[in-house]
Amino acid sequence: MTDDVKDANRIDSVELFLAHALTLENEAADGYQEIGDSMAVHNNPEVAGLFLQMCKYGRMHADEVRELATGLDLPHIPPWEYSWEDGESPESASMDKMHYMMQPAQALALAMKAERQAHAFYAGVAASTANPRVRELAQQFAAEESEHVRLLGEWIAKYPPADDNWDYDPDPPAMPE
Amino acid sequence: MTALAQTPALTAAAYKSDYRPVWCPGCGHYSVLSSLTKALAELGLQRENVAVISGIGCSSRIPAYTSVYGFHSVHGRALPVATGLKVARPDLTVVVAGGDGDGYSIGGNHFLHACRRNVDLTYLVMDNQVYGMTKGQASPTTPADWDRSKLTPHGTGVSPFHPLAVALAAGANFIARCYAGDPNGTARVITEAVRHPGFSMVQILSQCVTYQPSQKEWKTTVRKADVTTTRDAVRAARWLMADDGLSTGVLYIGHRPIYRPELQASCSVDDLESGFVV
């Protein structure tokens, strides 16, 4: 990221920061819910359960941010004008990496990536803001995301890595006629 | 950053229904649904004032996944249904959604004339270059050398349809291409398309991970168009004909008058009935 871009994306008000945090947590939860539902529809209940659990945590974090924003007038920001580095909310697990036969270790690895991106966002805000209260909040949120990364690491360790032929389906949907 | 005086009344989530999509995990249509609901929230539209009309195909399931009015209509006939709705109820915001097979093949003629009529509609075509619902046959936008289907084992041998160039030639008033891998950018374009009067054509490159897995590469090959939006149809045509189909952005904004039929009754029911009296 260049200095110019960093400055353009700098977040210097508590309201603006919490607006970003609220959207980040909401979109993370919505994304996990969508993936969990999708896995449930495609008969992968174990992975569905993991994502729906992540969704539950995401909703709790969104509630915490909402609580912090009580009494503040958060700005309305069109989705495409948030200060996300690549245009999309950083904690959104990428749907294009999903597969209906994916295994828990793979699902958790994707969640881990999303949590790391969220940590990077908050750490970036903390490093660049000129507002001490925003810095304090961003550091707090970054620390929470670090904790999520640690917990996910422990979670991942409980699952074996995906099998070599994890996506082998004896009756696949991909059967062009 | 725009701080609007009035926050939208509904969040994007409020425009989603409780039905869980049955699209394959990894399908681009999930992102399009997200973009559409974000756009509706941004437009601040009340749900009862919006209708999403579709044809048949994977992407045409989208009305069921929204909480606005919807009509999952007949294969290739989303545009005539939507046209009828819009001319009868011009107060509604009508969004038409479907895929490349539905819109350009069986619905191809309706596509031409919807562009030509310029009724105030927004047409979202989720283009994955394949018929996915029927298990992977070549569609009008499938590359000529695509040989993954048993129906076309040596490729289609036919040049792909060029939807945006055709839309421009037929008279569409707003022409854009988006990518499902850029949901917020797509939400912006949908918002602009709905706001622009007349027939707005939005092609959305939406990957089919099951039958066109190579479209995962779009993540690296799709890029922003290297031109600014033009109001000059000749310039837009030159650019479109030289484009490889992977550039995104609002490419053309026209200024043709929109079609609004006379809604005042020209005669009474009694007058009509009198003509049938024997």
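Any read-out appearing in this document is the output of simple, stated calculations on the displayed coordinates, not a laboratory observation. This structure is a prediction, so every number in the text was calculated from the model and none was measured. Neighbour counts run over all protein chains shown; Cβ positions are idealised from the backbone, glycine included.
Quick notes on this structure:
- When the Cα positions of B:W218, B:T229, B:I253 are compared along the charge dipole of the range B:200-278, B:W218 comes out farthest toward the positive end, with charges on each C-beta of Lys, Arg, Asp and Glu.
- Choice from A:L24, A:L50, A:L72 showing the highest fluctuation, given a GNM over chain A with Cα pairs closer than 10 Å: A:L72
- Note on A:M60 and B:A14: with the Förster distance fixed at 30 Å, the Cβ-Cβ geometry gives a FRET efficiency of about 0.90.
- Helix runs (DSSP H) in chain A reaching 20 Å along axis by Cα, Kyte-Doolittle at least 0.0: A:14-41, A:104-128
- Residue among B:P21, B:P63, B:P140 with the largest mean-square fluctuation in a Gaussian network model of chain B, springs linking Cα atoms under 10 Å: B:P21
- Rounded to 5, percent antiparallel among DSSP beta bridges of the range B:16-132: 5 percent
- At most 10 other Cβ within 10 Å, DSSP loop - chymotrypsin sites (Phe, Trp or Tyr not before Pro), the range B:156-191: none
- A helix-only calculation puts chain B at -8000 deg cm²/dmol for mean residue ellipticity at 222 nm, using -39500 (n - 2.57) for each DSSP H run of at least four residues, averaged over all residues.
- Bridge orientation summary for chain B: considering DSSP beta bridges with both residues in this region, about 20 percent are antiparallel.
- Relative contact order of chain A, taken over Cα pairs closer than 8 Å and 6 or more residues apart, is 26 percent.
- Share of alpha-carbon pairs per 10 Å distance bin for the protein assembly as shown, given as whole %: 4, 19, 28, 25, 15, 6, 1, 1, 0
- The range B:68-177, relative contact order [Cα under 8 Å, separation at least 6], %: 23 percent
- Length-normalised contact order for the range B:12-274 - Cα pairs under 8 Å, 6+ apart - percent: 18 percent
- The range A:64-177: C-alpha gyration tensor shape, a/c 1.5 cut-off, then a/b vs b/c: prolate
- Cα gyration tensor shape of the range B:43-101, rounded if a/c is under 1.5, else prolate or oblate by comparing a/b with b/c: oblate
- Loop-located chymotrypsin sites (Phe, Trp or Tyr not before Pro) in the range A:77-177 (DSSP state not H, G, I, E or B) with no more than 12 neighbouring Cβ atoms inside 10 Å: A:Y168.
- Spin-label proximity, B:R256 to the range B:101-141 - amide N less than 16 Å from point 7 Å beyond Cα toward beta carbon: B:109-123
- Distance violations [Cα-Cα > 21 Å] among B:K135/B:K219; B:K135/B:K216; B:K16/B:K224: B:K135/B:K219; B:K16/B:K224
- Positive-end residue, the range A:36-86 charge dipole about Cα centroid, Cβ charges, pick of A:W84, A:F51, A:V41: A:V41
- In the range B:184-278, the chymotrypsin sites (Phe, Trp or Tyr not before Pro) that fall in loop regions by DSSP, at most 12 other Cβ within 10 Å: B:F276
- Longest exposed-site-free window of chain B, the sites being trypsin sites (Lys or Arg not before Pro) in a DSSP loop that have at most 13 other C-beta atoms within 10 Å: B:1-149
- Tensor-based shape of the range B:4-128 (alpha-carbon gyration tensor, a/c under 1.5 rounded, otherwise prolate or oblate): oblate
- Per-residue ellipticity at 222 nm, computed for chain A from helices alone with -39500 (n - 2.57) per DSSP H run of at least four residues, works out to -21500 deg cm²/dmol.
- Max mean-square fluctuation residue, GNM over chain A, Cα-Cα springs under 10 Å, options A:P161, A:P132, A:P78: A:P78
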